[in-house]
Amino acid sequence: MAAQEPLTIPGEPKLSGRIREAANRDALGHAAILSGRGDLPAAARFMAAAFQCRGADKPCGSCPDCRKVGKGIHPDVTVVEDPDHKNIAVDVLRGVASSASVLPNEGRRKVYIFPDANVLDGKAQNVLLKVIEDGPSHAAFIFCAENSAVLLPTIRSRTAEWKLSPAAAAGADSRAVQMCEILCGGRAEDLAAFCAELENSKISREELKLLLSDARDLLASGLAACYGAAGEGLAARLAERAGRRRLSAWAEVLGRYIRQCSYNVGAGHLTGALAVELAE
Ligand SMILES: [Zn+2]
């Protein structure tokens, strides 16, 4: 293999540098929140590798630990999900707490990634709070959330927050703009064709989530224009052609689908249902 580029989180060179700098000082702490609208899963992998890396510049991307984290097969990096329930069951978290107390198999730390903190309710977070407070020093927790406010203040106060910059996502999805233009046009068949195309492109749930979040932001700017905010271009057109009621209804539908993207539902299934709901 050729010499590797230094690892970075896509679109986040600055944040990558800051995480790297903290990792090299062994100052990543016990718990981290990755928030914002960029590629949170990639950021979580990057940070998990930084926790585990045995290279000089962490994450080096080439030591056995970094490679295993990259492939998603590191035995001491656990992605905590509960596909059977809407929220992660408390039992699953008790399992996390007891496994965290066991020494790592081969890594430097036992790392637990929560890919979507929205599915941690108050009870679940309180179970985790105890482990964060009193758990063994080898345990590390990474929470991903578009908005860190979904975590209890007691957890946030014990956790370093790393924000992905919105600039990284800006302009990322021209398809979100296209989707809003189509909504603006008001032709159900165009919307169905657009969603079918998304399905055919084998869009991943994460990509779909970002696309829908961008689209929802655009609808919000249209809504703001309805309420008198200076809007131009698409925002103004949305305000003029769709109006307040439809914009907020669409934003609500998108919000629901954004949340669904966090569960184990195929993106193809979601895009099909989305076309129907938005057309209603
Ligand atoms: Zn490494």
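All of the numbers you see were taken from the coordinates with simple rules; none came from a lab. The structure displayed is predicted, hence computed values, not measured ones. Glycine also receives a Cβ, built like all others from the backbone with ideal geometry; neighbour counts cover every protein chain displayed.
Values computed for the structure shown
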| read-out | value |
| --- | --- |
| Listed residue (S165, N147, V111) projecting farthest to the positive dipole end of segment 103-190, Cβ model | V111 |
| Separation in nanometres of the label points that stand 7 Å from Cα toward Cβ, at R259 and A224 | 2.4 |
| Shape of segment 171-279, Cα gyration tensor, a/c cut at 1.5 | prolate |
| For I33, residues with placed amide H under 5 Å, excluding near neighbours | F143, A160, E161, W162 |
| Spatially proximal lysines relative to K110 (Cα-Cα < 18 Å; intrachain offsets below 8 disregarded) | K58, K68, K71, K130 |
| Estimated FRET transfer efficiency when R0 is 45 angstrom, pair R108-S248 (beta carbons, to 0.05) | 0.40 |
| Prolate/oblate/rounded label for the chain (Cα gyration tensor, a/c 1.5) | prolate |
| Shape of segment 13-168, Cα gyration tensor, a/c cut at 1.5 | oblate |
| Net dipole in debye of segment 149-261 [+1 Lys, Arg Cβ; -1 Asp, Glu Cβ; about Cα centre; nearest 20] | 480 |
| Difference of contour (0.36 nm per residue) and Cα-Cα distance, D121 to A149 | 8.9 nm |
| Per-residue ³J(HN,Hα) for segment 21-37, Karplus 6.51 cos²θ - 1.76 cosθ + 1.60, θ = phi - 60°, Hz, x for Gly and Pro | 5, 5, 5, 5, 8, 6, 10, 7, x, 9, 8, 9, 10, 9, 10, x, 10 |
| Interchain or long-range residues, amide H under 5 Å from T78's placed H | V111, Y112, I113 |
| Fraction of beta bridges assigned by DSSP in the chain that are antiparallel (%, nearest 5) | 5 |
| Karplus-derived 3J(HN,Hα), 6.51/-1.76/1.60, for each residue of segment 38-52, Hz, glycine and proline x | x, 7, 4, x, 5, 5, 5, 5, 4, 5, 4, 5, 4, 5, 8 |
| Point-charge dipole on Cβ atoms (K/R +1, D/E -1) for the chain, about Cα centre, debye to 20 | 600 |
| Label-reachable residues, segment 80-120, where backbone N falls under 15 Å from a point 7 Å from H269's Cα toward its Cβ | 82-86 |
| J(HN,Hα) series, segment 102-119, from Karplus relation 6.51 cos²θ - 1.76 cosθ + 1.60, nearest Hz, glycine and proline x | 7, 4, x, 5, 9, x, 7, 9, 9, 10, 10, 9, 9, x, 8, 5, 4, 9 |
